[in-house]
Every structure is written in structure tokens, then in C-alpha cells.
1. Is it true that ASP306 is open to solvent by 60 Å² or more (accessible area, probe 1.4 Å), away from ligand 2 (no atom under 16 Å from the Cβ) and of a type in the set (D, E, K, R)?
2. Among VAL464, VAL434, which is within 16 Å of ASP306 (Cα to Cα) and either away from ligand 1 (no atom under 16 Å from the Cβ) or out of contact with any Ser or Thr (no Cβ under 8 Å at 6 or more places or on another chain) (or both)?
3. Show the residue pairs that are 6+ apart or on different chains and have beta-carbon atoms under 6 Å apart, the first residue being within the stretch 388-400 and part of a helix (DSSP H, G or I), the second being open to solvent by 80 Å² or more (accessible area, probe 1.4 Å).
4. Any residue at all in the stretch 372-384 that is more than 13 Å from GLY305 (Cα to Cα), open to solvent by 10 Å² or more (accessible area, probe 1.4 Å) and away from ligand 2 (no atom under 16 Å from the Cβ)?
5. So which residues in the stretch 255-296 are open to solvent by less than 30 Å² (accessible area, probe 1.4 Å), away from ligand 1 (no atom under 16 Å from the Cβ) and not β-branched (Val, Ile, Thr)?
6. Please identify the pairs in which a residue from the stretch 165-176 that is modelled with pLDDT of 95 or more has its Cβ atom under 8 Å from the Cβ atom of a residue that is of a type in the set (Ser, Thr, Tyr) and assigned to a helix (DSSP H, G or I), counting only partners at least 6 apart or on another chain.
7. Of everything in the stretch 262-292, what is among the small types (Gly, Ala, Ser), more than 14 Å from ligand 2 (Cβ to nearest atom) and at positive phi? Give them in sequence order.
8. Among the strands (runs of 3 or more DSSP E) lying completely within the stretch 1-84, list those that include at least 3 residues that are surrounded by fewer than 17 Cβ atoms within 10 Å (Cβ to Cβ) and within 16 Å of ligand 2 (Cβ to nearest atom).
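The values are calculated or read from the model by the stated rules, or taken from the named source; none is laboratory data. Owing to the predicted nature of the structure, the values given are computational and were not obtained by experimental measurement. When we count neighbours, we look across all protein chains shown, and the Cβ atoms used for this are built from the backbone with ideal geometry, even at glycine. Ligands, DNA and RNA are excluded from the accessible area calculation, which covers all protein heavy atoms including side chains. Shrake-Rupley method; radii C 1.70, N 1.55, O 1.52, S 1.80 Å.
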Amino acid sequence: MPPSSLRVVYAFAREMHPKTTDVFIQYGTAGFRTKANLLEHVVYRMGLLAVIRSRVKNGRTIGMMITASHNLEPDNGVKLVDPDGEMLEESWEEIATRLANVSDNDLEATTVEIIKEVNADMALKASVFIGMDTRYTSPRLAAAAANGVIALKGTPKEFGIVTTPMLHFFVKCRNDNTYGTPNEEGYYEKIVGAFKNIRKRLTVHGNYSTRLHIDGANGVGGKKLNIINKSLDGQLDLQLHNLGGNGGKLNLGCGADHVKVTQTPATGFTHTPFERVASLDGDGDRIVYYYVNDDPEPKMFLLDGDRIATLLASYITELLQACGAQHLQMGIVQTAYANGASTNYITDTLKIPVKCVKTGVKHLHHAALGFDIGVYFEANGHGTVIYSKNAKNTISRISQEGEPEARKAAELLLDFIDMTNETVGDALSDLFLVETVLCARGASVQQWADYYTDLPCRQLKVIVQDRNAITTTDAERQCMTPEGLQTRINELVAKYNHGRAFARPSGTEDIVRVYAEADTQTNADLLAAEVSQAVFDLAGGVGARPELPAQA
Ligand code: NG1
Ligand code: ZN
């Protein structure tokens, strides 16, 4: 395509998706994310970039997902998905940021510049898959995305409302047809199909109950489970809540992030003591479990991403042993937010290697690739399992040539692999994995919770002038700047039994996040507040200084 025909890039921008704001926007851990009304030009331009990316990848399909995940309704966002269903290559984040922020007048020239820089052959075909969440601003943004693709003569394919992990799955399948069929039916067929296969091999026994409550965060995940539920033949007794409609607002007072961060149950339905609840986030890529007890003031017990990781890893270990493939190296990848008790349990009880990396799924995914089988989860419930070719081949061989018992375990493991969305953390796939393990063990949710006891913890946010004034090292567990902050944190942590705390700039919000854990909830709350004050004082806090909790 000669650069002269890029005129249409400018024409579309001016006529349909003009840049109406000078607010600088950055491609962060989860793509671009901000108020929906600031995004239309950004999404249009990401449509352009997706076409360029597709051509750089020899015409392989690129994904675009319109969502702001667990954020509230007024926000929205866009992120690009690379050909194997993984997050956009990190070196392109700067390119995306540049393209999003130039003026409409400079858009054509910048597009030409980027095409040259990345050496895209504009004569090639380009294919872009587009998906969106349930926000009312999403259809408009998805249309802007498609226009961006069309402006550079790429072919958009719109999937409508899908979960984020579904879109990742479609992209992967489109580029690698051995993985599955690139549409919603293909997704159900593979992932739900594998769950049903497994259920035929297992008997419901012990304390496991098929009843599972779902907090759908009033987003897309619950809606899809409603579809899946109809085909489940009673293998699960799903009680669906917060499906949107009935006045429930997306992620407001419900959903995985609400449950995890506030450590309180979702609103919007009545909880029955000791019954499992799985809480999804707005775009269906995070899941946490919880239950409440029968105290007069019911207490909530949370089973977060760390719990899910340990549950899955311990079950996979058992199956590997049963099929005589224990030489396959399994590892767990976590971030600094992982509860210290989970890390100790992995090391001391499960005796599985564990790695800590920077926040952001791409870092976890990358580290997990270093194992034959890598289990990675953020504490917030975003994670999955990935299996190397070597692992898959070995298990497949055993399923054909092994002794009868080994064969059985290998067949189960093959279904377990099929049930896993390896491209990215997926609440629905994770749900089926968890339910499989609990069913196989005949375990109730309390028994699962008894595997280890979490250290009480607290997460807080601090507003500062420039969050990048805080720089970190050691997988974000230590602050390098501002000067004196780490020393202060060390002094505070030293006052508490089992104390641990850190502060890091968020990649998705203009804030600094503070995390603390300690022997009691009072102490965790106090330590988090004290560290917040230190951040406020030493890193240029804005507004009111964080207060210590009342009981201090
Ligand atoms: P930031 O805002 O950088 O902390 C949050 C989550 C990440 C990840 C991204 C993307 C926490 C503490 N942080 O990032 O784990 O999920 O959003 O959505 O949960
Ligand atoms: Zn999400």
C-alpha cells in the first residue's frame, strides 16, 4: 500500500474518531484503560496498530479486546492480543502509546513512521479479531476498532460480547488450528467438553457438593456460564447471581476484585453458610472462591489465586506421580501479593519450586514457560497453567503405552490439559479445573480452606504527585526511590510478627499500592496504614495524609 493511500487514516480520524482530549494515555499492564469517553480515538488507532502488527506477523491474526475488566462501569479499555493468544509484546507498548497520543494532524505521518520502523509489509493481508465486554460504551468502541482495521485495509472480525479469555482463545485457535476452533462453540466444545469427560470418570463422593454459587459481577462471565449451564447435564448445580439486569451494576459491590480487596462477600444475593461461591470479575478472566460461616455476624473465608494455584499444582503433582511422569518439572509462579502462608505451604509442604515475579500477567506467563508445567496465579485470581510440548507428548505417550493405572491417570491429565485455557488466566476454565480437583478429592470448601491458613493482609492505595517517583527492585518487593522509603518500611515491618510490606506504583491506576501482612488483622491494617503514611510523606502525597485505623 503506497503511503498516499494512508489519507484514509486521517479522514476516518477526523470525521469519525477525532482526538478530543490532550490527556496523555499510556499502554500499561492491561493495555489502555481510562474513562470510556476519552478512548474512542485511542481504540481507532489501536485498530490501525493491530493491522500493522498482523502484517509484521506475516498476516497472522491479532486480537483486540474492549474492556476495563474489574473497573467500574464508566471506565473502558483496549488491549491487543498477540498471535499465540498472549499479551502484546512489551516493546510494542511504547509504539502503541506514541500512536495513541499524537494529534490527528500528525496521525498519518506517525503511522507511516511506525510502518517503516517495524518493517511491516503493507501488501500482506491482515486479520484482526475484536471482542468486547458488556459495558454500554463497548459497542461504540468496538466499531471504532473495526474502522481502524478497515482504514489500513485489514479484515476485522467482530465476536460481540465475549470474555477476555475467549478472545485470546479464538486468536490462538485461528493461528494454530490444533488448539481448537476459533469461535464460542469451539471454546465450549473444548473446555466444557473436557470437563464433562472428566466428570464421567469421577464419582461425586465425600464432602464434595455439586452446588456452586456464582457471583457474575454483573458482567460477561456469568452470562456465559448461564449458556454453559444448560449443557451441563447436572454435573454442577450452578446457582447464578449478579448476571446484570435487575439494576445490578458492573463490578459494584460484587465481583472478584471487590471480594478480594474489601475482604467482604458480594452484595446482590443471600449467602448460605458453608456453600461455595465463585466470584468472577467483569470480563471473566479472574476468579476467587469464598464461603461464609454461620456466626451471627458471618465471617468470610477467601480462597484466592494463591489457593487455586496450590490446589491445581498439588493435584497435577499427584497425577504426574500416578502416571510415572514425576520427572516433568512443575513450578508455581507468584507475585509479591501472594500471601506469605501460601509461599511457605508451596515450599514446605508441596515441595514445589516457586518463583516471584513483577506484577502483570505477562511476567508470570513468561516465568511459567521455564517449567515443563508452569502454574501461575496472581493473588487476585488471575492465572492459569501452561504445559510444554515435552509435557504434553510425555503424558500423551503414557496414555497410549502405559500400564493400566498410569494410563488412567494420563487420560485424566489430558482432559485436564484440554480444560485449561493456556493462553491467559480464564475464570471459566479455572472454575472447571477447581471443581474437578475438589470433586476428585471429595473435598468441601472448608477442607480446601484448611490446607493452610492465610496470614491476615491489607491492600491500600495512596495518591501521590508522580507515582513513578517510586521505583522498585527484587520483583517489586523493595523500593529503590525515593531515598529513605525502604529503610522506613523495613523499620515498620520489623515491629510486627510475620510482618511483610511493600509499595509499588500501579500500572493501571494513577496511584501507589501498599500491601502489608502480619500475624493479626489489626496488625496488618496498622502496618499497611503506617507504610501508606511513609509513602505519602516521602513520595509526595496529595490530599489528606492517610490515617491510622481507629483501633491503633
Ligand atoms: P496494578 O494496577 O498494576 O496493580 C492490577 C493488578 C494486577 C493485574 C493488573 C491488570 C493487583 C494488586 N494488581 O495491576 O495484578 O491484574 O491490574 O488487570 O491486583
Ligand atoms: Zn479481568
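1. On the way: open to solvent by 60 Å² or more (accessible area, probe 1.4 Å): no; away from ligand 2 (no atom under 16 Å from the Cβ): yes; of a type in the set (D, E, K, R): yes.
Judged against the criteria, ASP306 is not a match.
2. Values: VAL464 fails: within 16 Å of ASP306 (Cα to Cα).
Of the residues listed, the single one that is within 16 Å of ASP306 (Cα to Cα) and either away from ligand 1 (no atom under 16 Å from the Cβ) or out of contact with any Ser or Thr (no Cβ under 8 Å at 6 or more places or on another chain) (or both) is VAL434.
3. Note: pairs meeting the criteria are SER399/ARG407.
4. From the stretch 372-384, those more than 13 Å from GLY305 (Cα to Cα) are 372-374; that's our starting set.
Restricting the remaining residues to those that are open to solvent by 10 Å² or more (accessible area, probe 1.4 Å) gives 372.
From what is left, the residues that are away from ligand 2 (no atom under 16 Å from the Cβ) are 372.
Checking the stretch 372-384: at least one residue is more than 13 Å from GLY305 (Cα to Cα), open to solvent by 10 Å² or more (accessible area, probe 1.4 Å) and away from ligand 2 (no atom under 16 Å from the Cβ).
5. Within the stretch 255-296, the first condition is being open to solvent by less than 30 Å² (accessible area, probe 1.4 Å), and the residues that meet it are 255-256, 259-260, 266, 276-293.
Among the residues that remain, those that are also away from ligand 1 (no atom under 16 Å from the Cβ) are: 266, 276-278, 289-293.
Within the stretch 255-296, ALA266, ARG276, ALA278, TYR289, TYR290, TYR291, ASN293 qualify.
6. Cβ pairs passing all conditions: PRO165/SER429; MET166/TYR187; PHE169/TYR187; PHE170/TYR187.
7. Within the stretch 262-292, the first condition is being among the small types (Gly, Ala, Ser), and the residues that meet it are 266, 268, 278-279, 282, 284.
Keeping just the survivors that are more than 14 Å from ligand 2 (Cβ to nearest atom) gives 266, 268, 278.
The one that is among the small types (Gly, Ala, Ser), more than 14 Å from ligand 2 (Cβ to nearest atom) and at positive phi: GLY268.
8. Values: elements: 32-35, 62-66, 75-81.
Those strands (runs of 3 or more DSSP E) do not exist here; none qualify.
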